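Here, each number is a calculation from the coordinates, and none is a lab measurement. If you're wondering where the values come from, they're calculated on a predicted model, not measured in any experiment. When we count neighbours, we look across all protein chains shown, and the Cβ atoms used for this are built from the backbone with ideal geometry, even at glycine.
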Amino acid sequence: MARTLVVQLARLGDLIQTIPAITALKTVDPEGGVDLLCPSVLAPIGQLIPGVDRVLEWDGTLWQRWAEDASAGLLPTHLERAAKQLEALATSRYGTAYVLNQHRRALLAGSLLADEVKGPLLDGPLGTTLAPWAAYVRDVAHTGRGCRVHLADAFCGLCGVCPPGTPPVLINTSHPLPADLESLGRHGEPWVGLILGAGAVERLVPIHVWKELVVRFLETVPTSRVVLLGHERERGQWLYDLLSPSLVSRVWDVTGRTSLRDLAAILRRCHYVIGTDTGPLHLASALGVRVIGWYFARARVHETGPYGVGHVVWQAEDLDGGGHKERTDVRPLQWPIEETAGLLMQDQQFQTMLRVPGWSVWTSHCDRWGAYYTERGSLSSPPPEREALWAELSPLVLR
Amino acid sequence: MNNLLDNLEWLGKTAPALAEAVRLAPGGVLSLLPSREGTVTAKCGDRWIHSSYDPRKEARSWADAQFKDWRDEEVGVVLGVGLLYHVEALASLKQDGRRLAVLVPDPSVLKDALGARALGRWLETVEWIWGHPSDMADRLAGLASPLRFMTYAPAAGLHEAVHREVEASLRRLVAARQSGRLRIAVVGPIYGGSLPIAQYVTSALELLGHRVTWIDHSVHHTSYKRFNSYQDARHRLTMQGRFAELLSLDTVARLAEDPPDLVLAMAQAPLTAGVLEHVRKKKFPTIMWFVENYRHLTYWRQLASSYDYWFVIQRGDCVEALRKAGAAHVHYLPMAADPQVFYPSSLTETEQREYGADVSFVGAGYQNRRLLLPRWLSPEWTFKLWGTEWEGAADLTSVLQRGGARIDIETCRKVFNATTINLNLHSYNGPSLDPQADFVNPRTFELAACGAFQLTDERSLLPELFADQEIVRFRSPDEVPRLISRWLHDDHNRREVAEAARRRVLAHHTYRHRMEELLAVIGLRQPDRIGAVLRGDRNAGALAARAETPPELAALLGRFPPHQRVELKDVADNIRARGASRRLAREELLILLLDSYRSETRDLV
């Protein structure tokens, strides 16, 4: 029986947001086998996605090197080794490849590995006609307005399936941490994972802001602990050095020294995870951890807020009134430090005064149309736009 | 057991003539000694040819390093015989089907090697190239494969001159066979003497059929000159330095937008070491043609290791100095002339009156010229002096033309053609002739290309470029008046000399010849990239005809004219141009996939 391949060659956050689509595909065809093609570096996480039988690792660096070789002078051997690499990835062709990236290379990879490709283009890997859901995602990415369907649910639409209606959850496997990190999450409570990095420079929070938040939290909750996370070793050291000696004993700096599986194991031991980098935030939410996100620059809660129930996102608002035709970067003038600390402390008094100029605050939910966010302090009824959009873009699916 | 006889028997199976030559050779070039670990090692005079501790280990390590770059389709050519430890190590690494050749400049050395130890069957697997250097070059060229030269320096050093001769012959052969089309970026200076040469080089490369992008920085000269107006020299130097850095980045941006196969920079091109390092990381071979006197302009010291190849107009000390400063490959490449620019022309009477004279000199007012030219004025001949920087040369005011204004190239050619005797005195900031007179200036070639008669000061490198019957030289300033008198009224012989010089230039000394030579050097050093393109191996027809080319790829290549160089991008563009909606073949998808990564590799800036 022909198997199904899901192609997701983008970054960590996109991979996690692919889980609902895989879940939905498995729901439609519980007996059908589903494999996943993802970047090699993300394979350890891909292997934790429920419903995936096999993870095919895409070594982009290798392809890049081969492309450089072939650019220097095309030889038949360049195609031969590329073909061998694909044969090593998949010994037989897939029936259908669901391609979730708009980059042509993902479509080409899908076309090479499967008989049929369903994805962002309707007319093949060289085509120009976008599938309805792909057009929707593109418009949202460009304008940043009018979006109430979460990207993960749009991926479901691209695959021709409805959202599963439940938050994505990764398989819980034991992963041994290095000995010096083994005690993380074991003593004291609550543990907060603070992600210091961001996918882009414009989404970095100044270190002194993080320092204020950490100090406020640690001073107020004497049993609490903080783990500094992310790739950016220097930022971790910088923040660590700014803390007073009385606080550093309750702070673990693991920046720049964790593998993805280590990161997942550490996140799983946290009670909260805070940050701006959507990739690790999505990972944390898929591990069942409560997430507090600070979204600014080009990040938007309705598209890429952590998928699940009870996550909180602070969204920096465009104070110009959002009158731009194109999506613009929103740069906060102040930060919701006290308010976030209040949320961490579960302080009811704080929870009622979550107003910060330039920011709105949103809470996540999940229903049959997928994930949605409602603004705190207002009614939590789901936005009706989603159903209408599904009816417009996927009428056959709804039937 | 007699090692020599046994080994000769093995050698004789594939190279009987060489075996016989070895048998007759006296041997005894190498002194054989025991190494610390017990095997035999060798010295030549005071020079160790192999390790005194462990020659096998040393040879293995050398062979491993060579093997990394050696590709299946290339013939490995070992320079340096010694006791053949290194060849044996290489032969043990190579898989069946790979070809390994060894150059044998002196059968006596091979006799020492064959007598020193038992070698055995692997001798049969090697192609032995021996004989006269030009014969060896013929044999190598006849192998019909890319050549990968592997130099075992301690042994090769014994026959450097022969190796150079072989390489020179080979370059000539390779140059004559160049058929492929390279993309070459020529980076010119902001101003100065190498600027017109950058233009000549560009034209020559285009004439050879290559696609050339001239990155012309002379358009920024006006801005650059503006910085001269600062009163404080530090300000000027800082601003001009920063400006040159900016232009260096501009060069990189241009390379990124249209990536070439190689980057050819002319002397004074504004490329910094940092930028060159960046360009090298992106695997663009970089070449500097340093058309300057290395003793006067010394910035080559800071950039020696930054270029992959240096071409210089001086031999000997210049080449050594660059190597010591870190240059990996240094080659002598003399100046030349562009016969499209410098050619014999008839002038109108008016022009003849304006530009003509019995004796002329065109050039800038260097110290030696200021002191010597007045000595060569005479009431017996008319004299005209053209060029700039003659301020204060009172003795020459009466002959200086146009008040010492700069003259353009066309005017220059007219002066050459209109003058009976052109003086060609190489520049020198001293009182007389250049005591280190080696390189030959462009004017020598340009005058010859015009069919103009010249009297030139003697240069050590001149005799290998022009015969005595082609250019008349003087060795001391005192000879000049006598030579002028001698040739001024001898129209017939003067014309014969000038015409012979012109024939020589057209046959051997145009920029086209120089660029053929330059590309042949790089082609030999980079057989898999530049060499392959030059040989035409990257042309559609050659690629399609390769045995390993699958029919589907051959069909894609068949869409191009057979002699057109085809690259990944070309094939991908062709696939895209054939329409989006059709079902793509696997090879087409693979090409497009590779191309999607290629288009992301231009992160040069």
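Taking 0.36 nm per residue of separation and subtracting the Cα-Cα distance, what length does fully extending A:Val169 through A:Ser40 add? Walk me through the intermediate numbers first.
On the way: separation 129, 0.36 × 129 = 46.44 nm, distance 2.09 nm.
Full extension of this stretch gives 44.3 nm more.
Nearest-5 percent of antiparallel DSSP beta bridges in chain A? Present the calculation step by step, with values, prior to reporting the outcome.
Values: 14 of 51 bridges.
Among the beta bridges of chain A, antiparallel pairing accounts for roughly 25 percent.
At what distance in angstrom do the alpha carbon centres of the stretch A:150-191 and the stretch A:276-300 lie from each other?
About 11 Å separates the Cα centre of the stretch A:150-191 from the one of the stretch A:276-300.
Which of B:Val359, B:Leu373, B:Phe383 sits closest to the plus end of the dipole of the stretch B:326-386, meaning its Cα is farthest towards the positive end, when Lys and Arg get +1 and Asp and Glu get -1 on the C-beta?
So the residue furthest toward the plus end is B:Leu373.
Using the Cα centre of the stretch B:113-229 as the reference point, and only Cβ charges (+1 on K/R, -1 on D/E), how large is the resulting charge dipole? Debye, rounded to the nearest 20.
On the way: 13 positive and 9 negative charges, 83 e Å.
Here the stretch B:113-229 has a charge dipole of around 400 debye.
Quick check on chain B: helices-only [θ] at 222 nm, where DSSP H runs of length 4 and up contribute -39,500 (n - 2.57) each and the sum goes over total residues. Nearest 500, please.
-13000 deg cm²/dmol
Using modelled amide H (1.01 Å from N, peptide plane; none on Pro or chain starts), what sits under 5 Å from the amide H of A:Tyr98, excluding residues fewer than 5 places away?
Those qualifying (amide H under 5 Å, at least 5 residues apart or on another chain) are A:Leu5, A:Val6, A:Val7, A:Lys118.
Counting other Cβ atoms within 10 Å of each Cβ, which trypsin sites (Lys or Arg not before Pro) in the stretch B:421-512 have at most 16 and sit in a DSSP loop?
Details: sites: B:Arg443, B:Arg459, B:Arg473, B:Arg475, B:Arg482, B:Arg486, B:Arg494, B:Arg495, B:Arg502, B:Arg503, B:Arg504, B:Arg512; in loops: B:Arg459, B:Arg475.
Qualifying residues, ordered by number: B:Arg475.
Give the angle, between 0 and 90 degrees and rounded to the nearest 10, that separates the Cα long axis of helix B:479-488 from the longest principal axis of the Cα atoms of chain B.
80
Taking every pair of alpha-carbon atoms in the stretch A:179-367, what share in percent sits in each 5 Å bin, from 0 to the bin with the longest distance?
Whole-percent P(r) values from 0 Å outward: 1, 8, 17, 21, 22, 16, 9, 4, 1, 0, 0.
Quick one: grab the alpha carbon gyration tensor of the stretch B:348-407, order the square roots of its eigenvalues as a ≥ b ≥ c, and give me rounded if a/c is under 1.5, else prolate or oblate depending on whether a/b is larger than b/c. Mind dumping the intermediate values first?
Working: a/c = 2.25, a/b = 1.34, b/c = 1.68.
The shape class here is oblate.
Of B:Gly115, B:Leu140, B:His86, which is farthest along the charge dipole of the stretch B:46-173 in the positive direction, counting Lys and Arg as +1 and Asp and Glu as -1 at C-beta?
Comparing the listed Cα positions along the dipole, B:His86 ranks first.
Of B:Val252, A:Val273, how do they rank once you tally other Cβ atoms within 10 Å and put the fewest first? Don't skip to the answer; put the middle values down first.
Numbers: B:Val252 22, A:Val273 28.
With the sparsest Cβ surroundings first, the list reads B:Val252, A:Val273.
Alpha carbon centre of the stretch B:216-237 versus the stretch B:439-498: separation in Å?
39
What three numbers, in Å, describe the spread of the alpha carbons of the stretch B:539-598 along their principal axes, ordered from the longest?
If we take the Cα atoms of the stretch B:539-598, the spans are 29, 20, 18 Å.
Quick one: go through the stretch B:392-423 and flag any residue whose amide nitrogen is under 16 Å from the point 7 Å out along the Cα-to-Cβ line of B:Arg495.
Only B:417-421 pass the distance filter.
Taking the Cα centre of the protein assembly as shown as origin and charging only Cβ (+1 Lys, Arg; -1 Asp, Glu), how large is the dipole, in debye to the nearest 20? Present the calculation step by step, with values, prior to reporting the outcome.
Values: 114 positive and 117 negative charges, 45 e Å.
It comes to approximately 220 debye.
Measure off 7 Å from each Cα along the Cα-to-Cβ vector at B:His235 and A:Glu387, then give the distance between these two points in nanometres to one decimal.
Those two pseudo-labels are separated by 7.5 nm.
Could you give the dipole magnitude of the stretch B:246-326 about its Cα centre, charging the beta-carbon of Lys and Arg +1 and that of Asp and Glu -1, in debye to the nearest 20? Walk me through the numbers before you get to the answer.
Values: 10 positive and 9 negative charges, 59 e Å.
Its charge dipole is roughly 280 debye.
Expressed as a whole number of Å, what is the distance separating the alpha-carbon centroids of the stretch B:2-74 and the stretch A:207-241?
66
Take the Cβ-Cβ distance between B:Arg583 and B:Leu506 as r, set R0 to 51 Å, and report the resulting FRET efficiency rounded to the nearest 0.05. Mind showing how you got there, number by number?
Numbers: r = 57 Å, r/R0 = 1.11.
It comes out at approximately 0.35.
Using just the C-alpha positions of the stretch B:183-333 as equal point scatterers, what log10 of I(q)/I(0) does the Debye formula give at each q in 0.16, 0.18 1/Å?
-0.89, -1.11
For chain B, with the dipole built from +1 on Lys and Arg beta-carbon atoms and -1 on Asp and Glu ones, taken about the Cα centre, which of B:Trp10, B:Ser248, B:Leu347 lies farthest toward the positive end?
Looking along the dipole axis, the top candidate is B:Ser248.
Nearest 10 degrees is fine. How inclined is helix A:233-242 to the longest principal axis of chain A, computing both from alpha carbons?
10
Which value in nm describes the separation of the simple spin-label points at B:Thr14 and A:Asp180, placed 7 Å from the Cα toward the beta carbon?
5.7
In what order do B:Lys111, B:Lys57 fall by count of nearby beta-carbon atoms within 10 Å, going from fewest to most?
B:Lys57, B:Lys111
Among the lysines, select those whose C-alpha is under 30 Å from the C-alpha of A:Lys118, and discard any that sit fewer than 8 residues away in the same chain.
List returned: A:Lys26, A:Lys84, B:Lys569.
If you take the square roots of the eigenvalues of the alpha-carbon gyration tensor of the protein assembly as shown and sort them as a ≥ b ≥ c, do you get rounded (a/c under 1.5), prolate (a/b over b/c) or oblate? Present the calculation step by step, with values, prior to reporting the outcome.
On the way: a/c = 2.33, a/b = 1.74, b/c = 1.34.
Since a/c reaches 1.5 and a/b is larger than b/c, the shape of the protein assembly as shown is classed as prolate.
Tell me, in nm to one decimal, what length is gained between B:Ser179 and B:Glu349 on full extension, where the rule is 0.36 nm per residue of separation less the Cα-Cα distance? Could the numbers behind the result be given before it?
Values: separation 170, 0.36 × 170 = 61.20 nm, distance 4.53 nm.
Additional length available on full extension: 56.7 nm.
Using only Cα atoms, what is the ratio of the radius of gyration of the stretch B:232-305 to 2.2 N^0.38 Å?
Values: Rg = 13.2 Å, N = 74, 2.2 N^0.38 = 11.3 Å.
Ratio of Rg to 2.2 N^0.38 Å for the stretch B:232-305: 1.17.
Where does each of A:Cys162, A:Cys38 land when they are ranked from fewest to most other beta-carbon atoms within 10 angstrom?
Numbers: A:Cys162 20, A:Cys38 26.
By the 10 Å Cβ count, ascending, the order reads A:Cys162, A:Cys38.
Helix B:55-69: angle to the longest alpha-carbon principal axis of chain B, degrees 0 to 90, nearest 10?
70
Cross-link partners among lysines for B:Lys13, C-alpha distance below 17 Å, same-chain residues fewer than 8 apart left out?
Partners within reach: B:Lys111.
At B:Leu5 and B:Gln564, where each label point lies 7 Å from the Cα along Cα→Cβ, what is the point-to-point distance in nanometres?
6.6
Looking only at the protein assembly as shown, where both bridge partners belong to it, what percent of the DSSP beta bridges are antiparallel (to the nearest 5)?
Values: 21 of 109 bridges.
Percentage antiparallel, nearest 5: 20.
Near B:Lys384, which aspartates and glutamates are there with a Cα under 13 Å away, not counting those fewer than 8 places off in the same chain?
Hits, sequence-local ones excluded: B:Glu354, B:Asp358, B:Asp395.
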